[in-house]
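Here is the structure we will look at, set down as structure tokens.
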Amino acid sequence: MNVHTTMSSNLERVPASLRSWLSAPRPMLINGKWIQAKSGKVIDVLDPSNEMRLGSVAEGDAADIDDAVRAARKALEQGPWGRMTPSARGRIVHKIGDLIYDHLDELAQLESLDNGKPFSIARVADVPLSADIFHYMSGWSTKLEGKHIPISHLVSPGDYLSFTRLEPIGVVGQIIPWNFPLLMAAWK
């Protein structure tokens with residue numbers, strides 16, 4: 001089979017709106033704004049099944065990561081999320097799962113192109129499992145609570161109180177592997 005035939009056929013199966021979206025360099029979302037890397041560098045994204053260039057993304061470096069962490073920390077500490085009730089946060093997390101399902105085919109196409117797996121697998125595994133994780137985790141927002149821990153100590157146990165208090169970790173950075181990027185991001 002001609003390599004060019006294979007290369008064009010992968011993008012031909014993608015809806016025109018998605019091909020158009022892929023044609024523009026993809027920026028980073030930092031502090032609520034879509035921005036390019038401070039360095040101006042981009043990374044070509046290749047379809048691993050045939051090495052065809054799919055598009056490009058901003059190549060964030062340490063300065064961009066520092067900005068993203070600062071913005072995320074500020075949003076958590078000063079924005080509405082940290083002041084929301086657990087129930088309100090749960091509804092938002094659940095809605096993310098709904099939106100993933102609403103865009104099932106589009107996200108499956110992107111997962112398939114990005115990591116080279118068949119569209120059919122991304123459509124029945126990667127994307128639905130990602131939505132399911134958001135739905136599952138949304139229920140935990142109102143169910144996490146601390147526990148009293150009895151102490152066995154040489155001195156009188158009544159002299160001490162030991163308990164757990166579950167709190168969110170907060171802002172985290174993560175490196176996502178190539179094989180299940182959407183699902184790995186959902187797990188985090």
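Inspection of segment 50-72 finds no residue satisfying the criterion of being on the phi < 0 side of the Ramachandran plot, without any contact (Cβ under 8 Å) to a residue 12 or more places away in the chain and either assigned by TED's automatic domain parsing to the domain that holds PRO181 or surrounded by 14 or more Cβ atoms within 10 Å (Cβ to Cβ) (or both). In this structure, SER138 does satisfy being touching a residue at least 40 places away in the same chain (Cβ under 8 Å) and surrounded by 13 or more Cβ atoms within 10 Å (Cβ to Cβ). Considering GLY146, GLY173, the condition of being surrounded by fewer than 12 Cβ atoms within 10 Å (Cβ to Cβ), in contact with a Leu (Cβ under 7 Å, 6 or more places away or on another chain) and in a loop (DSSP other than H, G, I, E, B) is satisfied by GLY146 alone. Residue count for segment 27-47 under the criterion of being over 18 Å from the mean Cα position of the chain (by Cα) and of a type outside the set (A, V, I, L, M, F, W, C): the result is 7.
The values are calculated or read from the model by the stated rules, or taken from the named source; none is laboratory data. Everything numeric in this text was worked out from a predicted model, so none of it was measured. Cβ: placed from backbone, ideal geometry, glycine included. Neighbour counts: every protein chain shown.
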